[in-house]
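Undergrad: Encoded as structure tokens, here's the structure I'll be asking about.
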Amino acid sequence: DARVTQTPRHKVTEMGQEVTMRCQPILGHNTVFWYRQTMMQGLELLAYFRNRAPLDDSGMPKDRFSAEMPDATLATLKIQPSEPRDSAVYFCASGLLRAEQFFGPGTRLTVL
Amino acid sequence: GENVEQHPSTLSVQEGDSAVIKCTYSDSASNYFPWYKQELGKGPQLIIDIRSNVGEKKDQRIAVTLNKTAKHFSLHITETQPEDSAVYFCAASLSNYQLIWGAGTKLIIKP
């Protein structure tokens with residue numbers, strides 16, 4: 001059955017390194033969301049796209065984070081340079097306008 | 001902007017009993033209220049949702065009620081089972097599709 005896939009599932013890196021997380025949304029979905037989940041902050045929306053166009057990335061630290069959709073089958077979230085406070089689980093979700101968001105399994109990022 | 005508060009943060013109930021989780025929202029223009037369940041190591045998954053033109057919706061053992069006047073909505077789980085143990089999130093949405101999330105409730109079902 002159709003599901004959102006994310007890679008990698010786990011990432012351990014050192015402070016200052018670049019991290020790229022990838023997401024394949026469900027085919028046919030026109031909205032893509034990036035969330036960050038921590039114990040302290042819960043689910044934070046970082047960015048979302050509709051029809052591959054970024055509509056809101058106000059939740060993202062602009063100096064180090066960037067999100068793109070190079071095509072309809074791939075969304076990327078990049079952190080450069082990474083910092084220990086970026087350690088969290090990053091979720092990608094996709095959906096259709098005004099409907100359910102389908103979440104991927106997440107990428108657990110640890111920055112040492 | 002919209003703000004969603006969720007209570008309690010942790011709820012422990014005996015298996016077979018009912019569980020109720022409550023959320024309040026601040027923007028009266030919000031018109032869509034989903035509930036998501038997150039199991040350990042997985043992403044959240046939609047379990048039930050309600051739109052502002054409906055007061056109550058049921059799906060087997062789960063139900064959601066909405067009070068637009070008071071701006072609160074609740075999740076009700078009856079006859080709780082061990083597999084109901086998870087973190088539950090409420091959310092609210094305006095006419096766009098961006099969800100404003102509650103902080104989550106960890107539901108523990110005691111055998």
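Undergrad: Picking from A:R50, A:R85, which residue would you name as being open to solvent by 20 Å² or more (accessible area, probe 1.4 Å), at the interface with chain B (Cβ under 9 Å from one of its Cβ atoms) and farther than 16 Å from B:P44 by Cα?
TA: A:R50
Undergrad: Turning to a different aspect of this structure: Of everything in segment A:62-82 that's in contact (Cβ under 8 Å) with a residue 24 or more places away in the chain and assigned to a loop (DSSP other than H, G, I, E, B), which residue is surrounded by the fewest Cβ atoms within 10 Å (Cβ to Cβ)? Can you show your working first?
TA: Pass one, segment A:62-82, residues in contact (Cβ under 8 Å) with a residue 24 or more places away in the chain: A:67, A:69, A:72-82.
Checking the rest, the ones that are also assigned to a loop (DSSP other than H, G, I, E, B) come to A:72-73, A:80-82.
Values: A:A72: 16, A:T73: 11, A:Q80: 13, A:P81: 15, A:S82: 23.
The extreme case among them is A:T73.
Undergrad: Applying the selection to segment B:81-108, what residues are out of contact with any Leu (no Cβ under 8 Å at 6 or more places or on another chain) and more than 24 Å from A:Y35 (Cα to Cα)?
TA: Residues of segment B:81-108 that are out of contact with any Leu (no Cβ under 8 Å at 6 or more places or on another chain), as a first pass: B:81-83, B:94-96, B:100, B:102-103.
Scanning segment B:81-108 gives B:Q81, B:P82, B:E83.
Undergrad: Here's another thing I want to ask about it. Looking only at residues that are out of contact with any Phe, Trp or Tyr (no Cβ under 7 Å at 6 or more places or on another chain) and modelled with pLDDT of 90 or more in segment A:91-112, which one is nearest to the other protein chains (Cβ to nearest Cβ)?
TA: A:P105
Undergrad: Under 7 Å between Cβ atoms, at least 6 apart or on separate chains: pull out the pairs that start in segment B:22-40 with a residue that is over 25 Å from A:F102 (Cβ atoms) and end on any residue that is buried (at least 16 other Cβ atoms within 10 Å of the Cβ) and among the small types (G, A, S).
TA: B:K22/B:S74
Undergrad: Turning to a different aspect of this structure: Would you point out which residue out of B:S18, B:S85, B:S9, B:S74 is at pLDDT 95 or above and more than 26 Å from A:E44 (Cβ to Cβ)?
TA: B:S18
Undergrad: Looking at (1) in contact with a Lys or Arg (Cβ under 9 Å, 6 or more places away or on another chain); (2) open to solvent by 60 Å² or more (accessible area, probe 1.4 Å), which is the only condition B:D27 fails?
TA: Failing condition for B:D27: (2).
Undergrad: Out of all the residues in segment A:89-106, which are among the hydrophobic types (A, V, I, L, M, F, W, C) and over 26 Å from A:T13 (Cβ atoms)?
TA: The answer is A:L96, A:L97, A:A99, A:F102.
Undergrad: If A:G59 meets every condition in (1) open to solvent by 20 Å² or more (accessible area, probe 1.4 Å); (2) outside any loop (DSSP other than H, G, I, E, B); (3) within 14 Å of another protein chain (Cβ to nearest Cβ); (4) not basic (K, R) apart from one, which number is that one?
TA: It is condition (2) that A:G59 fails.
Undergrad: Can you confirm whether B:G16 is away from every other protein chain (no Cβ under 11 Å) and not in a strand (DSSP E or B)?
TA: The answer is yes for B:G16.
Undergrad: From the list A:G28, A:G42, exactly one residue is open to solvent by 40 Å² or more (accessible area, probe 1.4 Å) and within 21 Å of B:Q98 (Cβ to Cβ). Which is it?
TA: A:G28
The values are calculated or read from the model by the stated rules, or taken from the named source; none is laboratory data. The structure presented is a predicted model; accordingly, all values stated were derived computationally and were not measured. Neighbour counts run over all protein chains shown; Cβ positions are idealised from the backbone, glycine included. All accessible areas refer to the heavy atoms of the entire protein, side chains included, with ligands and DNA or RNA removed. Shrake-Rupley method; radii C 1.70, N 1.55, O 1.52, S 1.80 Å.
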